[in-house]
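The values are calculated or read from the model by the stated rules, or taken from the named source; none is laboratory data. These figures come from a predicted structure and were not determined experimentally. Reconstructed Cβ throughout: ideal geometry from the backbone, glycine too, with neighbour counts over all protein chains shown. SASA here: full protein model, heavy atoms, side chains in, ligands and nucleic acids out. Shrake-Rupley method; radii C 1.70, N 1.55, O 1.52, S 1.80 Å.
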Amino acid sequence: MKKFIIPVVFFLAVLSACSPKQNRTPETEIGFSKYVQAFTSGTISKEAAVSVYLSQAVKGLRNTGDLFQFTPEIKGETVLIGDRILEFRPAESLESGTTYKVELALNKLFEVEKQFEKMTFQFSTVQQAFSLSIEGLKNYEGQRSAQMQLSGYVLTADVADVEEVEQTISANYNNSQMPVLWRHDAGQRKHFFTVDSITRQQEEPQELTIFWDGKSLDVTDSGTKSIEVPPLNSFKIIETTVVHQPEQCIHIRFSDPLLKAQDLEGLVVLESDADLRMEMDGNVLKAWTSKRVSGEITLNVYQGIKSNNYARLKESGNFLLQFTSAEPKVRLIGKGVIVPQNTTLEFPFEAISLNAVDVRIVEIFRDNILQFFQENKYDGRSELRRVGRLMYEGKVDLQSSETVNFNEWNTFKINLAELISIQQGAIYRIELQFKKEYSLYKCSEKQKNSLSDFATVQSKEDYKTEWDSPGWYSNYFYPEGFEWRERDNPCHVSYYNSDRFESRNIFASQLGITAKEGRIHTMLFAVSNLVTTEPEAGVELKLFNFQNQLIETIQTDVNGFAQVDLKKKPYLLVAQKGEQFAYLRLDDGTSLSVSNFNVSGQEVKEGMKGFIYGERDVWRPGDTLFLNFILDTE
């Protein structure tokens, strides 16, 4: 398997066109793990910094100028963050699609064995590319029917300078250059453009031409697209398209906005589906099918549809639409992490157009839970290689006792207890992946599967694996033969990359914990059974600080409650009763927000507190008032 040595913190996902063989970083000798915990590797953004996490603190470091040596050379500065993180910050953007070799002088940081004085590693930058999406002509709202606008967006493989992106697109209308307005996403990868104020002629259609050229991005891609701008005196259909995700939907684009107060029943008919659900959005009529369909199907649009100026569609139209099979996908059900376990531990998910999935299970060991929660919440995956290990990976066929239509979303369950031995108190990270050979998507030309079957991990593990060397754990994976331009094509291997995989942490426990903290550092805990909902008595509660040092140990009473007055701030609660465990972070940032509740009031520091109330809200003149008084004597 080629996989997963891409840093989590320092990259922009990448969409490189290199194969894993090209992207794979040579293994750094395991002996360096005594000095280095993790370092930048794999494919990163050209704007990323190069970082090294050290295993021990650095003291008295003054000169950081010659710690790193890069090939090709990179100018920049090295910064020590805290006392364990070295970060090299390039003065300029790195070169796209380039592999850099790095040499770190560990002997200038602290005393090391002679063979470990210089640590070498390498990383690559994303190969820049871009794609253009045009959304079609749109009318202005209100009475400006004589003008239209065209919108779309440019998506780049890596972050790109906005000025360089704006040079990729130009527009020409009636032999005149049109201004292109831009709006850029904060991530600098998605760039929206609009060709504004396209004036329609009275009788003759005109032509708008969009030109694109990637020269400013150092990308060899260019082309043109011509779009007909309808005349003012003609109300007609200018385009029909099929959108497949997230639902199948037909877009019928007209030359003018549609009259909303009209009945379209019987005027838009799809041959295989009589029950279309329709919605008008300006000059676009959206029609959803009642069920997913595939193949070439005729859409009939009949005359009689009205524009907002009460012009009628004079000619009916027949359009042959191409409906493709559902694209292979998986998605998770729900959002929770904690799963009450009885005899099984089931992991539910949904899949479409797949007959199998690959399952990876990483166990975060119970003895490492305190370290895991230093960097993570329940659903986190930061520094996973330091606290967990891959316990299983294998193919699972998607089967059901009922007849399954794989072209629709179906729910499946995997019993994890059948794959691994569940250890109480451990957290498991479940990852669902899939390959091209598992796809049921119908391609026009059958392609041979280039990947071998996904084998189950053998019971005898190799002496040394990726889990035994320093580095970051990552879900990011791009298959051999990956091409960025084919990333959305289910008939190409590039579609089956980690951007489409799903993962979630799960924790098997029957203990549910609620914690409340008072103003005087008093904490109240309530523990109940998640299966029976009954209070849990005799649960041992251990409170730890951020450095994993034990502060206090208490036990719940018969009602499942426990209270403690604290002298030190706790960070994590570990609850245990028999073989059942539960964890709860107690830092302020993890507490539930009370912004939706009325928690205002006054704190009385002296005297007594009391509350007067009546038996109803409103009294009429002359009514007798019945008042009650509550005195707080505590």
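Filtering the stretch 545-558 to residues that are over 25 Å from Asp367 (Cβ atoms) and open to solvent by 90 Å² or more (accessible area, probe 1.4 Å) leaves only Val558. Checking the structure you have, find out if any residue of the stretch 573-593 is over 30 Å from Gln510 (Cβ atoms) and open to solvent by 90 Å² or more (accessible area, probe 1.4 Å). Within the stretch 573-593 (the criterion being over 30 Å from Gln510 (Cβ atoms) and open to solvent by 90 Å² or more (accessible area, probe 1.4 Å)), the answer is no, since none of the residues qualifies. Of all the numbered requirements in (1) open to solvent by less than 20 Å² (accessible area, probe 1.4 Å); (2) of a type in the set (Asp, Glu); (3) in contact with a His (Cβ under 8 Å, 6 or more places away or on another chain), Glu239 misses one, and that requirement is (1).
Restricting the stretch 388-424 to residues that are of a type in the set (D, E, K, R) and not in a loop (DSSP other than H, G, I, E, B) leaves a set whose member that is surrounded by the most Cβ atoms within 10 Å (Cβ to Cβ) is Glu393.
Looking at Thr98, Thr156 in this structure, which one is touching a helix residue (DSSP H, G or I) at 6+ places or on another chain (Cβ under 9 Å) and on the phi < 0 side of the Ramachandran plot? None of the others qualify; the one that does is Thr156.
If you check Glu203, Glu207 for being open to solvent by 80 Å² or more (accessible area, probe 1.4 Å) and either under 24 Å from Ile305 (Cβ atoms) or in contact with a Cys (Cβ under 6 Å, 6 or more places away or on another chain) (or both), only one passes: Glu203.
In the stretch 98-112, the count of residues that are over 30 Å from His251 (Cβ atoms), touching a strand residue (DSSP E or B) at 6+ places or on another chain (Cβ under 7 Å) and of a type in the set (D, E, K, R) is one or more. Examine the stretch 481-491 for a residue that is outside any loop (DSSP other than H, G, I, E, B) and at pLDDT 85 or above, and state whether such a residue exists. Yes, some residue in the stretch 481-491 is outside any loop (DSSP other than H, G, I, E, B) and at pLDDT 85 or above. Counting only strands (runs of 3 or more DSSP E) wholly contained in the stretch 545-634, the ones carrying 3 or more residues that are under 30 Å from Gln423 (Cα atoms) occupy 550-555, 561-565, 572-577, 580-585.
Evaluate the following for Ala171: is it under 28 Å from the mean Cα position of the chain (by Cα) and either within 16 Å of Glu135 (Cβ to Cβ) or open to solvent by less than 20 Å² (accessible area, probe 1.4 Å) (or both)? So Ala171 does not fit the description; no.
So is Glu141 under 30 Å from Asp66 (Cα atoms) and either in contact with a His (Cβ under 8 Å, 6 or more places away or on another chain) or surrounded by fewer than 19 Cβ atoms within 10 Å (Cβ to Cβ) (or both) or not? When the stated conditions are applied, Glu141 does not pass them. Within the stretch 54-94, the residues that satisfy the criterion of being open to solvent by less than 50 Å² (accessible area, probe 1.4 Å) and in a strand (DSSP E or B) are Leu54, Phe68, Phe70, Gly76, Thr78, Val79, Ile85, Leu86, Glu87, Phe88, Pro90.
Scanning the stretch 242-255 for residues that are over 15 Å from Gln147 (Cα atoms), in a strand (DSSP E or B) and open to solvent by less than 40 Å² (accessible area, probe 1.4 Å) turns up Val242, Cys249, Ile250, Ile252, Arg253. The condition of being more than 20 Å from Glu135 (Cα to Cα), open to solvent by less than 50 Å² (accessible area, probe 1.4 Å) and either charged (D, E, K, R) or touching a strand residue (DSSP E or B) at 6+ places or on another chain (Cβ under 8 Å) (or both) holds for only one of Leu258, Leu285, Leu270, that being Leu270. Of all residues in the stretch 616-627, none satisfies being open to solvent by 70 Å² or more (accessible area, probe 1.4 Å), without any contact (Cβ under 8 Å) to a residue 12 or more places away in the chain and within 36 Å of the chain's Cα centre (by Cα).
With respect to (1) of a type outside the set (D, E, K, R); (2) surrounded by 14 or more Cβ atoms within 10 Å (Cβ to Cβ); (3) part of a loop (DSSP other than H, G, I, E, B), the lone exception for Met119 is condition (3). Within the stretch 425-436, being open to solvent by less than 20 Å² (accessible area, probe 1.4 Å) and outside any strand (DSSP E or B) holds for Gly425, Ala426, Phe434.
Is it fair to say Val112 is in contact with a Leu (Cβ under 7 Å, 6 or more places away or on another chain), within 30 Å of Asn63 (Cβ to Cβ) and β-branched (Val, Ile, Thr)? Yes, satisfied.
Put simply, of Leu106, Leu155 the only residue that is touching a residue at least 60 places away in the same chain (Cβ under 8 Å) and within 30 Å of Gly42 (Cα to Cα) is Leu106. Residue selection: Asp565 satisfies the criterion of being under 42 Å from the mean Cα position of the chain (by Cα) and charged (D, E, K, R).
Considering only the stretch 122-138, how many residues are open to solvent by less than 20 Å² (accessible area, probe 1.4 Å) and either at negative phi or modelled with pLDDT of 90 or more (or both)? Residues flagged as open to solvent by less than 20 Å² (accessible area, probe 1.4 Å) and either at negative phi or modelled with pLDDT of 90 or more (or both) within the stretch 122-138 amount to 8. Restricting attention to the stretch 500-544, the residues that are β-branched (Val, Ile, Thr), crowded, with 17+ Cβ neighbours inside 10 Å and assigned to a strand (DSSP E or B) add up to 3. Annotation: of all residues in the stretch 291-332 being β-branched (Val, Ile, Thr) and closer than 17 Å to Leu259 by Cα, the one that is farthest from the chain's Cα centre (by Cα) is Ile305. Meeting the requirement of 1 or more residues that are basic (Lys, Arg) and farther than 23 Å from Leu259 by Cβ, the strands (runs of 3 or more DSSP E) wholly within the stretch 182-240 are 190-199, 222-229. Among the candidates Gly136, Gly97, the residue that is within 28 Å of Gly214 (Cβ to Cβ) and assigned to a strand (DSSP E or B) is uniquely Gly136.
Please enumerate the residues belonging to the stretch 100-116 that are surrounded by fewer than 16 Cβ atoms within 10 Å (Cβ to Cβ) and within 33 Å of the chain's Cα centre (by Cα). Correct list: Lys101 only.
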